[in-house]
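Below: the structure, in structure tokens.
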Amino acid sequence: MVASGRGIIGAMHPARHLLHFAALGALLFAAQRELARPQPIALPAERVTERAATFARATGSAPDARLRVLLERDAFDEELLAREARQLGLDRDDAVVRERLVSNMGFVLGRDIAPERLYREALALGMDASDALVRRRLAARMTARLRADAAREPIDEATLRAWFDRHRDDYEQPAAVGFAQLCFTRGALDEDAESRARAALASLRPDAVVGAGRSGDPCLFGNEVPLRSEAELARSFGATFARAAFRAETGVWTGPVASSQGVHLVFVRNRVATRAADFEAVRAAVRDACVAERQDAALRDGIAALRAKERAR
């Protein structure tokens, strides 16, 4: 019989001690590795509900079934990106994340506790995964990381010119007109701006080039308007005025033309047709657009890889 003072384990041969400790260590290692392995994402339903509510507030209508699918995918991708950021340790050097977690944990345990302890306690409770602000911050960090790799890749001359050729229409210089104008504003005491404009037009020779301010009221954009595209004129004067200015005959007073500011007489001085873009003039813009396209592709590829890894879990 084994002496009771030593116990069963104490009576074992030293070699068996080593075997038991080795087996126990292997079990602990396997358990720790399994606990550290990211678990499949189970997206909380409220994440999609929150996004749907935000969409409804912004647009005034609830998202339909197709849009809800897109919102769910967006929430899922955000979770994937945030989790990958944590696995890469991007949270550990992020001041925004640390400050948020310390603040949250301080609310729970008290503000008088050391920030480092509050931070560790927040991590232990999984706040870095559950807090919406932290999740969005980490997803943004991961997004920036995926896009940054593409931005660092060199772009040779042939690639730039090929990209420009595919998007040449985007860099065309639009048609434009430059004109003189006389303005007649509508006021509370004078609603007959159009009649005044007609009277002024009748007193002008059709081809008369008059000095600024000969008649009419002060013009918001001045009596002389340099070359502007139809889109630019629409932003300043309204679409109706922009169309009329482009249809007006060059070198002749026309009007009255209504705008968002009142009524105008217009004398088109010069016009230019749509011009093809010169590559050298837009080289910098082409490079920026090419880089942005590469960054978007890198982000799509990165998210696709994360989705594939998630499906394989």
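The values are calculated or read from the model by the stated rules, or taken from the named source; none is laboratory data. If you're wondering where the values come from, they're calculated on a predicted model, not measured in any experiment. With ideal geometry, Cβ positions are generated from the backbone for all residues, glycine too; neighbour counts draw on all protein chains shown.
Yes or no, residue by residue, for (1) of a type in the set (Lys, Arg); (2) surrounded by fewer than 18 Cβ atoms within 10 Å (Cβ to Cβ); (3) under 15 Å from Leu88 (Cβ atoms):
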residue	(1), (2), (3)
Val108	no, yes, no
Arg117	yes, yes, no
Leu125	no, yes, no
Leu133	no, yes, no
Asp149	no, yes, yes
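Listed here are the residues, each with its yes/no results for (1) modelled with pLDDT under 90; (2) surrounded by fewer than 18 Cβ atoms within 10 Å (Cβ to Cβ); (3) not in a helix (DSSP H, G or I).
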site: Ala31; (1), (2), (3): yes, yes, no
site: Ile41; (1), (2), (3): yes, yes, yes
site: Arg47; (1), (2), (3): yes, no, no
site: Leu70; (1), (2), (3): no, yes, no
site: Arg73; (1), (2), (3): no, yes, no
site: Leu80; (1), (2), (3): no, no, no
site: Gly89; (1), (2), (3): no, yes, yes
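Modelled with pLDDT under 90 and farther than 30 Å from Ala202 by Cα: which single residue out of Arg311, Arg287 fits that description?
Exactly one residue qualifies, and that residue is Arg311.
What is the one condition in (1) within 24 Å of Val286 (Cβ to Cβ); (2) under 24 Å from the mean Cα position of the chain (by Cα); (3) surrounded by 12 or more Cβ atoms within 10 Å (Cβ to Cβ) that Ala176 does not satisfy?
(2)
Need the failing condition index for Leu70 against (1) farther than 28 Å from Tyr119 by Cβ; (2) more than 19 Å from the chain's Cα centre (by Cα), just the number.
Of the numbered conditions (1) farther than 28 Å from Tyr119 by Cβ; (2) more than 19 Å from the chain's Cα centre (by Cα), the odd one out for Leu70 is (2).
Taking the stated definitions as given, is Arg228 under 30 Å from Arg161 (Cα atoms) and in contact (Cβ under 8 Å) with a residue 60 or more places away in the chain?
no
Please determine, by comparing only the residues of the range 260-281 that are among the β-branched types (Val, Ile, Thr) and surrounded by fewer than 18 Cβ atoms within 10 Å (Cβ to Cβ), which one is modelled with the highest pLDDT.
Going through the qualifying residues, I end up with Val272.
Is it the case that Ala297 is surrounded by fewer than 17 Cβ atoms within 10 Å (Cβ to Cβ) and closer than 25 Å to Glu153 by Cα?
Against the criterion (surrounded by fewer than 17 Cβ atoms within 10 Å (Cβ to Cβ) and closer than 25 Å to Glu153 by Cα), Ala297 qualifies.
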